[in-house]
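To keep things clear, I will list the structure first and then write my remarks on it.
Throughout, read-outs are computed from the coordinates displayed, never taken from laboratory work. Note that the structure is a prediction, hence the values are computed from the model and not measured. Cβ: placed from backbone, ideal geometry, glycine included. Neighbour counts: every protein chain shown.
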Amino acid sequence: MVQKWVRPEKTASLPCKANYNPADHYVWETSIMEGQEETCRNKIDSICSQYEASSIAQNVIKSQLPAVKSNAEIENEIKKNVQNGVGFFVSFWWLLWRSLIAQVP
């Protein structure tokens with residue numbers, strides 16, 4: 001999907017190098033750097049606006065979103081996972097166990 005959307009990013013003055021992964025390029029371009037928060041947020045808004053206006057985004061909205069919203073199987077899986085969540089102490093116990101195992105030489 002990122003490969004198909006490489007062209008519009010050239011209009012945003014954010015060219016991707018020829019031998020550079022476009023996904024990594026967008027991660028770098030959309031990261032917020034300390035001291036430049038406002039500039040970075042404006043750049044991110046510009047990139048998002050251009051993507052939302054692209055034909056790829058429109059195709060995703062038309063084809064994927066209705067299927068996800070109306071799929072009862074997905075909704076049931078989400079409900080099942082929420083109901084069967086582990087508690088705080090179980091999570092803490094396994095986190096502690098993993099950290100202790102990681103420190104054993």
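Taking the alpha-carbon distance from K80 and a cut-off under 20 Å, which aspartates and glutamates remain once sequence neighbours fewer than 8 residues away in the same chain are dropped?
none
Using label points projected 7 Å from each Cα along Cα→Cβ, tell me how many nm separate F89 and E73, to one decimal.
3.8
Separation between the N21 and E34 pseudo-spin-labels, each 7 Å from Cα along Cα→Cβ, expressed in nm?
That separation, rounded to one decimal, is 2.5 nm.
Suppose the chain between A102 and A53 were pulled fully straight at 0.36 nm per residue; how much longer would it get relative to their current alpha carbon spacing? Walk me through the intermediate numbers first.
Values: separation 49, 0.36 × 49 = 17.64 nm, distance 4.70 nm.
That works out to 12.9 nm of additional length.
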